[in-house]
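Worksheet: the structure to be examined is printed underneath.
The values are calculated or read from the model by the stated rules, or taken from the named source; none is laboratory data. Keep in mind the model is a prediction, meaning the values are calculated, not measured. We place every Cβ from the backbone using ideal geometry, glycine too, and count neighbours over all the protein chains shown.
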Amino acid sequence: MLSSTKYLIREGFRNLWTNRLMSFASMGVLICCLLLMGSAALVSVNISSAMGWLGDQNAVMVFLGDDVTAELSDSVKTQIEAVGNIKTIEFVSREDAFASIMSKLSDDASMVDALSDTAEFLPNAYKVTFDDLSRFEVTVDQIKQIEKIQHVSDKRDFVKRLNGINKVVSVVGLWIVGMLFVVSLFIITNTIKLTMYVRKLEIGIMKSVGATDWFIRLPFLVEGIIIGLFSGIVSFGLVTYVYLTASSAVTSTFTIGIVPYSSFWWIVLLGFLFTGMFAGSSGSLISIRKYLKNDGGISND
Amino acid sequence: MIEFRNVYKTYDNGTKALRDFSLRINEGEFVFIVGSSGSGKSTLLKLLMREELPSSGEIIVAGRRLSTLRHKDLPFYRRTMGIVFQDFRLIPNMTVFDNVAFAMRVIGMSSKAVRKKVPYVLGLVGLNEKARCYPKELSGGEQQRVGLARALINNPALIIADEPTGNVDPRMSFEIVDMLNEINRRGTTVLMVTHEHSLVKKFHRRIIEIQNGELVADSGPEVDYYA
């Protein structure tokens, strides 16, 4: 059994080398598809991360009534938290708000004078961010129901648009990745089918001397897996290089950061290896199916 | 060993390849099957190798009813026979040694067994010096001897030779049949399809003639253990 396994693996490598032109073509196609798929996935990841970041910026201000004391404000806080879907909740006292406004207006001396140094006209407030932006409206409406709340600053339109973009990006991204996978499977299957035609003789001989289906299949499977693994590694190298180069360029130009590679490079690597192996092995199995299905193929027709 | 009982074979396109074909071949026999092309010889072999199933009738080989064999049983059934092809069917990018060893590896034999057995069988067909050659470096006769070695390597009880001399020069043809004769003398049943009457005449063995899918002449079993 062990010697068979060794033989089959060696046979897989030998086939790979004997049909090196086809192997090379398969790898090229698979690498292209993996690169496109990987780029689509990475762009999608970055867009949704940027969306998340934008969402965080979009905090809702919950302004409390003038009569709300420090004790009361704590009870309001618990009530807000009870609504659910709250990510962060931060108390902004009227003094903090006043200081923030003053610093923004510091260039305009006359305005500063006019406001004198009292913060009394400003309400106390909570700065609230949400976990799930798609439930923005419901959550805001629920908060509005709470007593002692004077006003909730509400940027529904912005959030709606943000949600829309996010949805489109993830759906389109998934479609692109899915379609590319089908396309690459189709191309690999056809490439391997071409080599299969050349190896019809070999398969016929194998059948005639009594090889089991799995024995015939395994070298092709090994071949597909090697093609897949190799393509995965090459794609990973290329994507890593491009991503690192691009992210350093983008970070030095824009303030919005790109998702750091160190936090998910291993997901990219595993994704490439698995997708490559899956595409390679399914390609092999699909292309050989026809030759194993019938009982013939031994003698000439 | 081989029994055809009222076998009919009609292909999907309507060709009637065999009609009410009955035949019995005993263990240890050497049988020539003759007939013009299109007579049904190829169909006979396809049915024997279980590449095709009969439209009706029964085929029994070494106690196995071929119609009841399942797809997954086929490899094990085929291991009981060795097949020699008219066009040799050698793998061009494998050496003589590897072409013969291939048949052993395919049924999961160990490298140790391969190293021991292949030179022995190559010796039987007189090709030990050519073990490292590739098929294209050999003559037609030599290539067919490799084919023969490959058919023999797994000790089959039955050798099916489909026009084994069709691509071999006459002098070599005689040698090939002589080798099959020798293999038969050691106990293996041999079935050889041919249309070379000169060869058939030289070796006085059982002759079965097929015409239009029917058995038209049978010189009768020469060895009949059941008689």
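So here's what we get for this one:
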item	result
Selected residue [buried (at least 22 other Cβ atoms within 10 Å of the Cβ) and closer than 16 Å to A:Leu30 by Cβ] from A:Gly280, A:Gly271	A:Gly280
Residue ID - nearest to B:Phe174 (Cα to Cα), chosen from residues in the range B:17-53 that are basic (Lys, Arg) and within 13 Å of another protein chain (Cβ to nearest Cβ)	B:Lys41
Residues satisfying the stated conditions in the range A:206-240, i.e. farther than 21 Å from A:Leu34 by Cβ, touching a residue at least 40 places away in the same chain (Cβ under 8 Å) and among the aliphatic types (A, V, I, L, M)	A:Ile216, A:Leu218
Helices (runs of 4 or more DSSP H) within the range A:145-254 that include 3 or more residues surrounded by fewer than 15 Cβ atoms within 10 Å (Cβ to Cβ) and assigned by TED's automatic domain parsing to the domain that holds A:Asn46	A:156-198, A:213-253
B:Gly141, sole failed condition from (1) more than 16 Å from the chain's Cα centre (by Cα); (2) within 22 Å of B:Lys46 (Cα to Cα)	(2)
Qualifying residue in the range A:257-267 (condition: in a helix (DSSP H, G or I), more than 14 Å from chain B (Cβ to nearest Cβ) and surrounded by 16 or more Cβ atoms within 10 Å (Cβ to Cβ))	no
Test: residue in the range B:178-189 that is touching a residue at least 60 places away in the same chain (Cβ under 8 Å) and either among the charged types (D, E, K, R) or touching an Asp or Glu at 6+ places or on another chain (Cβ under 6 Å) (or both)	yes
Subset tally (residues that are surrounded by 14 or more Cβ atoms within 10 Å (Cβ to Cβ) and either at the interface with chain A (Cβ under 8 Å from one of its Cβ atoms) or of a type in the set (Val, Ile, Thr) (or both)) for the range B:54-81	9
Criterion: among the polar types (S, T, N, Q), touching a strand residue (DSSP E or B) at 6+ places or on another chain (Cβ under 9 Å) and at pLDDT below 80 - qualifying residue of A:Ser110, A:Ser100, A:Ser116, A:Ser93	A:Ser100
Lone qualifier among A:Met22, A:Met61 - being touching a Leu at 6+ places or on another chain (Cβ under 9 Å) and either at negative phi or not assigned by TED's automatic domain parsing to the domain that holds A:Val242 (or both)	A:Met22
Whichever residue in the range B:182-216 is among the aliphatic types (A, V, I, L, M), at pLDDT 90 or above and farther than 19 Å from B:Val146 by Cβ and, among such residues, is surrounded by the fewest Cβ atoms within 10 Å (Cβ to Cβ)	B:Val216
Candidate set: the range B:95-108, residues that are in contact with an Asp or Glu (Cβ under 9 Å, 6 or more places away or on another chain) and facing chain A (nearest Cβ under 9 Å); chosen: the one farthest from B:Ser139 (Cα to Cα)	B:Arg105
Filter pass, A:Asp131 being modelled with pLDDT of 80 or more, exposed (fewer than 15 other Cβ atoms within 10 Å of the Cβ), away from chain B (no Cβ under 14 Å) and more than 30 Å from A:Gly228 (Cβ to Cβ)	yes
Check on B:Gly187, on the phi > 0 side of the Ramachandran plot, of a type outside the set (Ser, Thr, Tyr), under 15 Å from the mean Cα position of the chain (by Cα) and not in a strand (DSSP E or B)	yes
